[in-house]
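Quick note: the coordinates plus some simple rules give every number you see, no bench work behind them. Treat the numbers as computed from the prediction; the structure is a model and nothing was measured. Reconstructed Cβ throughout: ideal geometry from the backbone, glycine too, with neighbour counts over all protein chains shown.
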Amino acid sequence: MFIMAAAATAAAAVPSWAQGQEKDGKASEYEFTVVKEVPVTSIKNQYRSGTCWCFSALSFVESEILRTKGLEDIDLSEMFVVGKSYHDRAVKYVRLDGKLGFSAGSSFGDVFHVIKDYGIVPQCEMEGLNYGTEKPEHSEMDAVLAAYVEAVAKNPNKKLTPAWIKGYDGIISAYLGEYPQEFEYNGAAYTPESFRDYLGINTDDYVNLTSFTHHPFYEPFVIEVCDNWRWDTAYNLPIDEFMEVMYNAIDKGYSIAWGSDVSEAGFTRNGLATIPDVDEKPGAGSDQEHWVGKDESAKPQQPATSVEKKITQEMRQIAYDNKQTTDDHGMHIYGVAQDQNGNKFFIVKNSWGDAGKYKGVWYASDAFVRYKTLNIVVHKDALPKNIKKKLGIK
């Protein structure tokens, strides 16, 4: 369980140096034209919380609801999912005697598990801001929950009491609020489960895809990253077919939940994701500052006329093996655009508010996506028929 109008897979973006020398000493800027885009809901802000996995996956689900039901006012509660996820993770952590990653980070599959097992509620029914701030700030909550489960996992009584999970859930409720048991939406009464069913969310309709060579192609495997604490599997595709899925999805009107490494110098605060040949360490602070730093002026800017690296399957694997590609950030791809040189870019909805030149939207080059994508989630009908058959998906 568990990505517009490009008719064929685009090659890695390699524009010609001759197409644009710098004018007046200033690098030429990108000019984007939309090829095709899928409807999305408004841009949100995860702020000082490590919950990109939830914001991006729910944004993806909201686009699916727009596609199937046309509910333009749909806004799902991220903190309902975060709280339920933290509950499930604690249970598994204690069962494994603390031998499991425990942090704010998680995966797209986690969101689908929560929706399947617990349902979902509108944002207005659970804002998740019971601690006195206007935006999510989770450092204290994350630290308290981690310390709590660590103490429980040590089993100091040599026998767990039935009280520990109640106490743990009480901490979550203190920070995020009580889970709604019943609520009204457009004049009708729902529970979280019946609301999920009303929205038509069938979590079994979604597939997780990746592209690495340390496991066989066309078979599922567990992606070895700490945030995949549920140990969900992903189907493994060669990179060209992986990219074919992404372009086909947008072309057919489906969006993509996108997990990527964003600690690259080419992933800027100004709304661009390209592959310039420079190295830079990430900054710290908010989720955005942690990955791309505070001072954008210190980051080399990639002009629209730069040649990007031509990405190969081997380059992807090396970057994953040597920890240059990690599961940094979840985002939502909803379109394809092209720059003034005809190079394809994916249009990305981020969860950092209206940050950047494009007010919360990023443009990620074909080369960047080929190189730095860890995994994607798409509706199974977004797969080209030949690839669907190879994977044995009906």
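Each label point was placed 7 Å from the Cα along the Cα-to-Cβ direction; for TYR198 and THR213 their separation is 5.1 nm. Structure note, pairs LYS36/LYS389; LYS36/LYS390; LYS252/LYS310; LYS349/LYS394; LYS36/LYS84: Cα-Cα distances above 32 angstrom occur for LYS36/LYS84.
Loop-resident GluC sites (Glu not before Pro) (DSSP state other than H, G, I, E or B) in region 44-126 with no more than 12 further Cβ atoms inside 10 Å of their Cβ: GLU72. In a fully extended conformation the segment linking PHE221 and ASP205 would gain 3.9 nm over its present Cα-Cα distance, using 0.36 nm per residue.
Relative to one another, the C-alpha centroids of region 61-112 and region 328-383 are positioned 21 Å apart.
Taking 7 Å steps out from each Cα toward its Cβ at VAL34 and SER139 produces label points 3.8 nm apart.
Kindly provide the helix-only [θ] at 222 nm of the chain, computed as the sum of -39,500 (n - 2.57) over DSSP H runs of four or more divided by all residues, to the nearest 500 deg cm²/dmol?
-9500 deg cm²/dmol
Listed by chain and number, the lysines placed with their C-alpha closer than 18 angstrom to that of LYS135 are LYS44, LYS359; residues fewer than eight positions away on the same chain are left out. One decimal place: the segment LYS389-LYS69 gains 112.4 nm when fully extended, by the rule 0.36 nm per residue minus the C-alpha distance. Using a simple spin-label model with pseudo-atoms 7 Å out from Cα toward Cβ, VAL307 and LYS154 lie 5.9 nm apart. If the cut-off is 17 Å between C-alpha atoms, which aspartates and glutamates fall inside it for LYS158, apart from same-chain ones fewer than 8 positions away? Excluding near neighbours in sequence, the set is ASP97, GLU150.
Report, in debye and to the nearest 20, how large the dipole of region 27-391 comes out about its Cα centre when Lys and Arg carry +1 and Asp and Glu carry -1 on their Cβ.
800
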